[in-house]
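The values are calculated or read from the model by the stated rules, or taken from the named source; none is laboratory data. The model shown is predicted, which means the values in this text are computed figures rather than measured ones. Counting neighbours? That spans all protein chains shown, and the Cβs are built from the backbone with ideal geometry, glycine included.
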Amino acid sequence: MAKELRKSYKFALRSSSYISAILLLFSLALFYYLSLWDYWPVLVISIFLVFGVCFLVIQYRVEKFIYVRIKKIYDDVSFLESTSFASGPITTDMATLNEEIEKFAKDKRIEIDTLKIREEYRKDFLGNVSHELKTPLFTVQGYILTLLEGAMEDKKVRKKYLQRANKGVERLIYIVKDLDLITKLEVGDLSLDMDTFDIVELIQSVFDLLEMKAAKKNISLTFDMDYVNPIYVRGDREKIQQVITNLVVNSIKYGHPDGTTEVSVENLIKNKVIVRITDNGEGIPEIHLPRIFERFYRIDQSGSRKEGGSGLGLAIVKHIIEAHGEKIYVESAEDVGSEFSFTLEKESKPRE
């Protein structure tokens, strides 16, 4: 405390000392010239009084000087509210003021950098949305214009083009629904219907739904072991099913023919399980892993959409898992395969 006090009032102390020293020298010269040594106690008392008065006046004036100018800076940049600023005296500790200003400048730099990143993200997002919507829109428009220009008279061509236009509309609906879902997840506007369910049974139902899709590439959907007993978890069954479906669909899309997609459910800690979806597909280059959960981010930067999808699947997966207060992880190596895993709260038995 003494160190802080000495530091805070250093300027006033030094200035008062200089003034007192100058007056002392002047007084000693005067006493010597007028031979007033009998009054030396008055001299001593006067010097101490001068020192005290100088200290108080200088300290007060410097405080006011700093207060007026620094308060204006704070008010201009909204750094501190005036009420909190005026709650205590302003000392002459310029080091503290410098620290506060430097902290403010650092925070503003971080804020500016964050805004720049968000602006880049916004531009990328708008560009990606435009690209994703443009392709099916132009496709639908092309087929309709062809029909209007005369192809409608041919029943076979009409049916074929209408079917293709319908597929384009379905893709538009798919993208818009995913956009709506991820927006609700990001703003926290999507409520979760929490329940207790058997995660093994849910995974098996996903396998059954995707069996035909996997069969086209002769990919086996399997568990890592036989799960004889149910494993109960707590969560939104429908949303967790969507998570598992998205991850298994991705493993099929990017898996090698005659490959395998394996799912395991392991105890992580006392009240947690971790679900792992592992494939032996083409894998993900390490450079892409940090961004794999971003909206519309694709490993194939060429613009090819040979695998289809909205480009929002993994982003939706991440938001659903985080909405449950859980974590999702990814490990991958090129030409070896990928493993996506996420945690869930474990239940010993279904709640009544």
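Does the stretch 235-243 contain any residue that is assigned to a strand (DSSP E or B), closer than 24 Å to M194 by Cα and not β-branched (V, I, T)?
Residues of the stretch 235-243 that are assigned to a strand (DSSP E or B), as a first pass: 235-236.
Right, trim to closer than 24 Å to M194 by Cα and you get 235-236.
Going one step further and asking which of them are not β-branched (V, I, T), we end up with 235-236.
Yes: the stretch 235-243 contains one or more residues that are assigned to a strand (DSSP E or B), closer than 24 Å to M194 by Cα and not β-branched (V, I, T).
On the given criteria, is R295 over 24 Å from Y227 (Cβ atoms) and crowded, with 18+ Cβ neighbours inside 10 Å? Yes. Consider the stretch 321-339 and keep the residues that are closer than 17 Å to R295 by Cα and at pLDDT 90 or above. The one that is surrounded by the fewest Cβ atoms within 10 Å (Cβ to Cβ) is Y329.
If you check V176, V169, V228, which single one turns out to be of a type outside the set (S, T, N, Q) and outside the structural domain of K134 (by TED's automatic domain parsing)?
V228
Can we say N229 is touching a Pro at 6+ places or on another chain (Cβ under 8 Å), of a type outside the set (F, W, Y) and either exposed (fewer than 13 other Cβ atoms within 10 Å of the Cβ) or without any contact (Cβ under 8 Å) to a residue 24 or more places away in the chain (or both)? No: the conditions fail for N229. If you go through the stretch 184-217 and pick out every residue that is among the β-branched types (V, I, T), surrounded by 13 or more Cβ atoms within 10 Å (Cβ to Cβ) and either free of Cβ contacts under 8 Å to residues at least 60 places away in the same chain or assigned to a helix (DSSP H, G or I) (or both), you end up with 4.
Would you confirm whether any residue within the stretch 45-53 is polar (S, T, N, Q) and at pLDDT 75 or above?
Kept after step one, since they are polar (S, T, N, Q), are these residues of the stretch 45-53: 46.
Then keep just the ones that are at pLDDT 75 or above; that gives 46.
So far as the stretch 45-53 goes, yes, one or more of its residues are polar (S, T, N, Q) and at pLDDT 75 or above.
Kindly indicate whether R171 is more than 29 Å from F342 (Cβ to Cβ), assigned to a helix (DSSP H, G or I) and in contact with a helix residue (DSSP H, G or I) (Cβ under 7 Å, 6 or more places away or on another chain).
Values: more than 29 Å from F342 (Cβ to Cβ): no; assigned to a helix (DSSP H, G or I): yes; in contact with a helix residue (DSSP H, G or I) (Cβ under 7 Å, 6 or more places away or on another chain): yes.
Answer is no for this residue.
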